[in-house]
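Worksheet: the structure to be examined is printed underneath.
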Amino acid sequence: MIKYEVKLLEGIERKEIEEKRSGAAALIEKMRGDEFGGWVDLPENYDKEEFAKIKAAAERIREQAEILVCIGIGGSYLGHRALIEALGGERGRTKILFAGNSLSARELRKVIAEVQGKDFAINVISKSGTTTEPAIAFRVFKKLLIEKYGEDEAAKRIYATTDKSKGALHDEAVDKGYEMFVVPDNIGGRYSVLTAVGLLAIAVAGIDIDKLMAGAKKEMEALRVDGGAAAEYAATRNVLLEKGYDIEILANFEPSFGQFNEWWKQLFGESEGKDGKGIFPASVIDSTDLHSLGQYIQDGRRSLFETFVETEEKLTGVLVPEMEGDIDGLAYLEGREIDEINKLANLATREAHFVGGVSVGRVIMLRIDEEAIGALIYFFEMSCALSGLMLGVNPFNQPGVEEYKTKMFERLGKPGYGEKSKPEDRSVE
Ligand code: PA5
């Protein structure tokens, strides 16, 4: 079970937090009834047939491919990437690579180089089936697959995760006979990591998805009645926002959580940043970033608060070696566990930042394993939805994302997209 605790600056009253928290049970009911509330009971109500199909496909992919190229953007890639990295990376022979999450030709070239001479497969993930970034990358890797294996065998190496009944990707998958997985209608992209969107790649990476779902289910049960620790966290961040603290920094002392931070930023940023409202989600990996953003957090404009994601699990056996003499001044640490030093640095950082005028929260998991990460995912999803509803926004839509697309389509000359689609307006300024 995930724990949450917080040390608040003076002037931030518990009773204000209690008051906001008290409405959580009603908000959970509201989200359960929402057209995009399918994630709320997902750890219990997930489609067991689809789940078995995911496991079987993962086995096949592990046999047929040295590399699985996961193509998708936003909620269609961040979750599985975060989870695989947080759990220590791939455990079998199949390496997972990511494409279609930017428009960078340089990035694409790197992945193209990696698949050269290797057996590979594609998992293309797009709920709409029309998102430009993954659609372009899909063309590129599909062409490579066809050149390498021919049309028929290529089709057996393409796994499409998309809408169950409509969209360009759905239609192509049906037409070409790709194995298909469903992005449920009632679950938005950033809440979808525990569906086929995330689970296929996670299973291919050799991670036990039964344990992952079991962890999420336990957390769901813990939060079910009144939101528990998630409601406490959601209420705290809303009270902090009302006091002018409009930046939240998610801090972690494990570099393998770098992509988890990215998942969290999308979840909260896309859910809350609308109607001129929201907390700006930022992140750091410490102690690395104590040597860059640490200065600002300690001493810059006082409009931020920090949430540390921590584990109680102790990693043993990696020690500071003993050496003759004390040339580097480290004799006092000789024989100490490096994980213990890391945890003490974490504690010291919390203390220092609090003294510097930063309210510091802690989200604590028992261990870093499948169950704990499943619980952590659910904890943040519930916190985010509650927090958005407490803020008075719809945490399940993302209307602002369309604006850049419209401007980009004008510049690119997509048919039907306004005046700038004239060729002379398409040059890069
Ligand atoms: O969270 C979301 O809904 C978005 O980030 C989408 O996942 C993202 O825009 C990709 O959309 P699609 O899966 O339709 O390609």
Item checked: Heavy-atom accessible area order for 213, 180, largest first, 1.4 Å probe -> 180, 213
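Could you size up the charge dipole of the range 8-115 around its Cα centre, putting +1 on the beta carbon of Lys and Arg and -1 on that of Asp and Glu, and report it in debye to the nearest 20?
About 560 debye.
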Note to self: I'd like to know which of 358, 338, 206 lies farthest towards the positive end of the charge dipole of the chain, counting +1 on Cβ of Lys and Arg and -1 on Cβ of Asp and Glu.
What the structure shows: 206
Next item on the list: Could you work out how far helix 258-272 tilts from the main Cα principal axis of the chain, as a 0 to 90 degree angle to the nearest 10?
Entry: 90
Next item on the list: List, largest first, the extents of the alpha carbons of the range 95-238 along their principal axes, each in whole Å.
Entry: 55, 32, 29
Next item on the list: For the range 200-335, restrict the atom set to alpha-carbon positions and state the Rg and Dmax in Å.
Entry: 19.5, 63
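Listed highest first by mean packing, meaning other Cβ atoms within 10 Å per residue, what order do 222-231, 378-387 come in? Present the calculation step by step, with values, prior to reporting the outcome.
Numbers: 222-231: 20.3, 378-387: 27.4.
Most protected by this proxy first, the peptides run 378-387, 222-231.
For the chain, report the translational diffusion coefficient in µm²/s to the nearest whole number, using Stokes-Einstein at 10 °C, 1.306 mPa s, and a Kirkwood Rh over Cα pairs.
Working: Rh = 23.1 Å.
Approximately 69 µm²/s, per Stokes-Einstein.
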Notebook entry, point to check: Quick one: putting +1 on the C-beta of Lys and Arg, -1 on the C-beta of Asp and Glu, what dipole do you get for the chain around its Cα centre, in Debye to the nearest 20?
Noted result: 1220
Next item on the list: Mind jotting down the three principal axis lengths of the range 319-429 based on Cα atoms? Whole angstrom, largest first.
Entry: 73, 40, 35
Next item on the list: Percent of Cα-Cα pairs per 10 Å bin, from 0 to the last occupied bin, for the range 132-186, please list those.
Entry: 24, 54, 20, 2
Next item on the list: Go from 0 up to the bin containing the longest alpha carbon distance in the range 221-287, width 5 Å each, and give me the % of pairs per bin.
Entry: 4, 16, 20, 22, 21, 14, 3, 0
Next item on the list: Under a 10 Å cutoff between Cα atoms, tell me which one of 393, 111, 182 has the largest fluctuation in the Gaussian network model of the chain.
Entry: 111
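Return the inverse of the average 1/r over all pairs of distinct C-alpha atoms in the range 158-272, which is the Kirkwood hydrodynamic radius, in Å to one decimal.
On the way: mean 1/r = 0.0586 Å⁻¹.
It is 17.1 Å.
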Check: Cross-link partners among lysines for residue 118, C-alpha distance below 28 Å, same-chain residues fewer than 8 apart left out?
Finding: 53, 55, 95, 110, 142, 143, 148, 156, 176
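With contacts defined as alpha carbon pairs under 8 Å and 6 or more residues apart, what's the relative contact order of the chain in percent?
Working: 743 pairs, mean separation 95.2, N = 429.
So the answer I get is 22 percent.
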Next item on the list: Just the number, please: carbon plus sulfur as a percent of the accessible area of the chain, 1.4 Å probe, no ligands or DNA/RNA counted.
Entry: 53
Next item on the list: Apply the Kirkwood formula to the range 1-150: the hydrodynamic radius equals the inverse of the mean of 1/r over all pairs of different alpha-carbon atoms; give it in Å with one decimal.
Entry: 18.9
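Send over the Kirkwood Rh of the range 14-72, from the inverse of the averaged 1/r over different Cα pairs, rounded to one decimal Å.
On the way: mean 1/r = 0.0654 Å⁻¹.
When all Cα pairs of the range 14-72 are included, the Kirkwood radius is 15.3 Å.
The values are calculated or read from the model by the stated rules, or taken from the named source; none is laboratory data. Nothing here was measured: the structure is a model prediction, and the numbers come from that model. So basically every Cβ, Gly included, is an ideal-geometry build from the backbone, and we count neighbours across all protein chains shown. Quick note on the areas: whole protein, heavy atoms, side chains included, nothing else; ligands and nucleic acids left out. Shrake-Rupley method; radii C 1.70, N 1.55, O 1.52, S 1.80 Å.
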